[in-house]
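Structure record follows, encoded as structure tokens.
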Amino acid sequence: MRSYKNGLLPVKTWANEIEESAFKQVENLSNLPFAYHHIALMPDCHCGYGMPIGGVLATNDVIIPNAVGVDIGCGMVAVKTTATKITEEQIKQIIGKAREVIPVGFKHHQNPQESSVFDNAPLNIPIIKQEFENMKYQLGTLGGGNHFIEIQKGDDDHIWLMIHSGSRNLGKKVCDLYNKIAQDHNAEYYSTVPKEWQLAFLPASSMSATEYLTAMNFCLEFAYANRGHMMNKLVEIFNDVTGHGEESHINIHHNYAALENHFGKNVWVHRKGAIRMREGEKGIIPGSMGTPSYIVEGLGNKESFMSASHGAGRKMSRSEADKTFTEEEANKSIDGVVFGRWNKNRKGGLDLSECPLAYKNIEEVIRNESDLVKPLVKLQPLGVMKG
């Protein structure tokens with residue numbers, strides 16, 4: 001961990017390199033009048049919208065929707081199965097069957113899904129009421145981008161299943177709405193936080209903040225249920241193909257805000273692309289497709305606000321990756337992993353933005369946070385399904 005100061009608050013970073021755009025965002029965070037104690041940057045840190053992904057920000061009495069992001073509750077679920085062996089043909093069968101029952105990209109289910117999560121929907125919040133029927137068709141869908149389903153072999157000798165997904169369109173709707181409300185409030189009351197920083201805030205005591213937090217927490221529940229819904233189907237398929245089932249599982253978020261006590265004070269901790277890692281807490285740090293992932297245990301490091309990275313982290317933008325790599329290079333980077341084919345990008349070319357070459361080295365990321373987490377299981381990818 002290194003520490004430097006380029007604003008009102010010090011910055012503590014576990015990242016080896018931070019690109020210029022992310023560095024500027026960190027400077028903005030450190031100059032927020034309500035930011036608390038210091039800014040923490042995880043080793044997967046890279047530029048985001050308003051706040052770097054892989055950043056942890058604690059605030060006094062304010063909530064910043066953009067410091068949580070549009071995919072509220074995005075996270076990971078990992079299942080340790082009772083299987084210790086699997087064939088390539090079985091992997092292909094599982095992925096093929098999964099594609100039949102788990103919609104990817106912008107696709108939704110054709111019929112509404114059932115879940116107890118809908119019983120807890122705060123329909124007094126207009127945006128939740130507005131999206132209530134839509135979310136029934138989105139539950140149990142993967143999405144696109146870096147969301148994935150993966151079959152892995154652990155160094156504990158077990159086969160694992162892993163899913164990365166979030167709150168789907170619901171989280172985006174909630175973030176966009178309350179970020180706009182925050183922008184309007186900040187303009188009305190002549191906030192000293194420049195609009196171009198994209199860090200509009202809601203006073204924690206305001207009705208808008210109360211509504212946002214209620215909606216955000218429901219998004220967390222929905223995202224948790226979304227991953228669980230998909231994983232239940234995946235485990236059923238896995239059992240049909242291999243005869244094995246689930247032994248244990250972990251389900252965690254990496255985009256949210258929560259009231260926590262740090263350095264003797266209750267503050268709002270915003271984790272954007274970061275996981276909470278209290279001492280003894282289990283977590284998941286995935287690599288990119290084609291590279292290992294890790295099941296970890298938290299060390300409760302106070303300097304990171306008890307947080308750790310949420311993955312490998314991008315080292316270049318999606319558009320840059322598409323321009324930089326060839327299909328041959330991308331294929332070579334996932335050699336030995338069962339994978340379908342690359343999708344088309346918006347310009348009609350191949351979307352190579354998710355190949356491992358576009359991401360930081362996961363082994364280096366894990367080494368850089370050795371004082372934040374202890375690796376428990378290393379997971380090698382065997383087959384991957386992406387949106």
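For segment 123-139, which positions are outside any helix (DSSP H, G or I) and either loosely packed, with under 15 Cβ neighbours inside 10 Å or small (Gly, Ala, Ser) (or both)?
Leu123, Asn124
Does segment 300-350 hold any residues that are buried (at least 20 other Cβ atoms within 10 Å of the Cβ) and under 23 Å from Ile39 (Cβ atoms), and which are they?
Asn301, Ser304, Phe305, Met306, Ser307, Ala308, Ser309, His310, Gly311, Ala312, Gly313, Arg314
Can we say Glu354 is in contact (Cβ under 8 Å) with a residue 12 or more places away in the chain, over 27 Å from Phe263 (Cβ atoms), buried (at least 21 other Cβ atoms within 10 Å of the Cβ) and not assigned by TED's automatic domain parsing to the domain that holds Ile149?
yes
Only one of these is buried (at least 19 other Cβ atoms within 10 Å of the Cβ), part of a loop (DSSP other than H, G, I, E, B), under 22 Å from the mean Cα position of the chain (by Cα) and at pLDDT 95 or above: Leu170, Leu161, Leu142. Name it.
From the options Leu170, Leu161, Leu142, the qualifying one is Leu142.
Taking the stated definitions as given, is Glu19 modelled with pLDDT under 95, acidic (Asp, Glu), over 29 Å from Leu177 (Cβ atoms) and out of contact with any Asp or Glu (no Cβ under 6 Å at 6 or more places or on another chain)?
So Glu19 passes the test.
Give just the number: which of (1) closer than 29 Å to Ala358 by Cα; (2) crowded, with 21+ Cβ neighbours inside 10 Å does Tyr178 not satisfy?
Unmet condition: (1).
Quick check: is even one residue across segment 255-268 surrounded by fewer than 21 Cβ atoms within 10 Å (Cβ to Cβ) and hydroxyl-bearing (Ser, Thr, Tyr)?
So far as segment 255-268 goes, no, none of its residues is surrounded by fewer than 21 Cβ atoms within 10 Å (Cβ to Cβ) and hydroxyl-bearing (Ser, Thr, Tyr).
Which residue is surrounded by the most Cβ atoms within 10 Å (Cβ to Cβ), if the candidates are limited to segment 357-387 and must be part of a strand (DSSP E or B) and among the basic types (Lys, Arg)?
Top of the filtered list is Lys386.
The values are calculated or read from the model by the stated rules, or taken from the named source; none is laboratory data. Model, not experiment: these values are computed from the prediction. Please note: Cβ atoms are built from the backbone with ideal geometry, for glycine as well, and neighbour counts cover all protein chains shown.
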